[in-house]
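Below is one structure, written out as structure tokens; the observations come after it.
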Amino acid sequence: MRAELGRPAQGDKIRAIAEERQKQARQEDGAKITVPWRGGEEKHLYVIAVPVNLLYFNPDTHRVRAQRTLDPKRDDVLDADPWGEEAQDYLHHLLRCKPSDPDKVDPDYTALKEELEAFDQREPGIITPDGVLVDGNTRCAALKDLGREYIRVGVLPEDTSSDDINNVELRIQLRRDKRREYSYINQLMAIEDELRKGRKEDDVAKDFNIKVKTLQLDRQVYKMIIDVIERSEAPDGSRLRLVDFEDQQEKLRELQRDYSKLAKSNPQEAEQLKESRLAALFLSFPKTSMRLVEPDFYDRYLARNLPDELRPQDEAPETVAVPGLDGVEVQGDSPQVKKVRSLTDQVLRDLAATRSVSSDQKAAARARGRLDKADKVFATAAKLAGQNEQLRKRQIAVPDRITDAADYIRQCEAEFAEAKAKGVLDEDALDDALIVLRDELARLAKHAARAFDTPGDGVQWLLDSARNV
């Protein structure tokens, strides 16, 4: 919790209630909850019951950081007056939402509410002395919805800082118990928060139970997401939101992997690949169709069929100055990269305009029209690319089968020698198998004889072998 958020209005009231009930819990040696604390130590906090309606949802909780961008106006209210009724109602709403589709209630939230209704609260939450929820925001929201009066919590020490609050929330979340996991984008944001504190990637990856390579890949994805959001800003100021990326985890990772791999050998083609796939992603291509989008996708399948309102203008090549090296320039993006990026930018801006709650209706309708046209052109292009891919597979299928057969025969050589040396070779079975091989090669030779007027050395060998049978 940022220091500039200030203290909640009812902080003193909560503090007084919490102190009195903690005093009673100590006298009765009541139940405790253990929380991770500074430097790896642990704190054992007495569990007390406090009124649900006196507590505050944490504006900085990692659980809904990305979802806050769903409604920019309400998000601004949340920044301006985080403890006010409107801001707290917004947080309550977000805690119920499905991360990838905020218009729907999260099934995990529904399951949590049903569990609380049937079995009551099993795990205590954690609050600050002023009544801000550190752990248990979602449980508190569910208890409110159930009309429950109290929630059981442990209270952090008086000297709790904003860093302590964030660290406790994250460490408890990473225990990987029955809590709702952070959504993909909220986890990316939490990882960046940890790294900004100066922590090593190895340590953060261990905390989040992922490989260092995965963490590095996800950081590249997050950087790409931020760039795409900036590029998506429409004339009316609307732009894509972090929640728009929640359901795209695997597509984004695969896109980044393919882009990084190609960038090592051909940066310009890598840029064309990335831009075309980004447009395809936001036009809701399935993952299998996105894989058909190669660097030449724009030139080969899109360019001729784009309507005028989506057709990028021709741009001349340019050079870019190298920072720190006066007079040194390198080749900038090629005209082809610029064309593909221009098309992708138009798709991003139109999508932002259609998803914004504040967009002008006429402008949003025009944007929707362009998106429909783009979707139609991309769908046709994907179909053509798919047909070409199937043709390519058929063209290489026969050679691949022959190569596979050669691999099996090579393996057979080693196993033949071993069986012979051990005296376990079944010669009759081997003879039968070779006859089957001979007959199949003879049939293949008949097909080859009809297919090739001037056979190469390999095909000629097959034909000669068949004649000698």
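Below are the figures for this structure:
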| quantity | calculated |
| --- | --- |
| Complete set of residues in segment 19-43 that are assigned to a strand (DSSP E or B) and either free of Cβ contacts under 8 Å to residues at least 40 places away in the same chain or not assigned by TED's automatic domain parsing to the domain that holds P129 (or both) | T34, E42 |
| Hits in segment 19-47 - residues which are under 15 Å from V134 (Cα atoms) and touching a Gly at 6+ places or on another chain (Cβ under 8 Å) | I33, V35, L45, V47 |
| Any hit, segment 228-241, residues being surrounded by 19 or more Cβ atoms within 10 Å (Cβ to Cβ), over 25 Å from V377 (Cα atoms) and within 15 Å of the chain's Cα centre (by Cα) | yes |
| Residue that is more than 15 Å from R139 (Cα to Cα) and modelled with pLDDT under 95, where the choices are R21, R15, R68, R26 | R68 |
| Set E254, E246: member being under 16 Å from the mean Cα position of the chain (by Cα), more than 21 Å from R349 (Cβ to Cβ) and in contact (Cβ under 8 Å) with a residue 12 or more places away in the chain | E254 |
| Condition broken by A379, with the remaining ones in (1) surrounded by 11 or more Cβ atoms within 10 Å (Cβ to Cβ); (2) at pLDDT below 90 satisfied | (2) |
| Condition check for E192: surrounded by fewer than 18 Cβ atoms within 10 Å (Cβ to Cβ), among the charged types (D, E, K, R) and in the same structural domain as P124 (by TED's automatic domain parsing) | no |
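One line per residue, one yes/no per condition, for (1) farther than 30 Å from F282 by Cα; (2) touching a helix residue (DSSP H, G or I) at 6+ places or on another chain (Cβ under 8 Å); (3) in a helix (DSSP H, G or I):
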| position | (1), (2), (3) |
| --- | --- |
| Q390 | no, no, yes |
| I402 | yes, no, yes |
| E415 | yes, no, yes |
| A419 | yes, no, yes |
| A429 | yes, no, yes |
| I435 | yes, no, yes |
| A449 | yes, yes, yes |
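The values are calculated or read from the model by the stated rules, or taken from the named source; none is laboratory data. For clarity, every value in this text was computed on a predicted model and none was experimentally measured. Ideal geometry is used to build each Cβ from the backbone, glycine not excepted, and the neighbour counts take in all protein chains shown.
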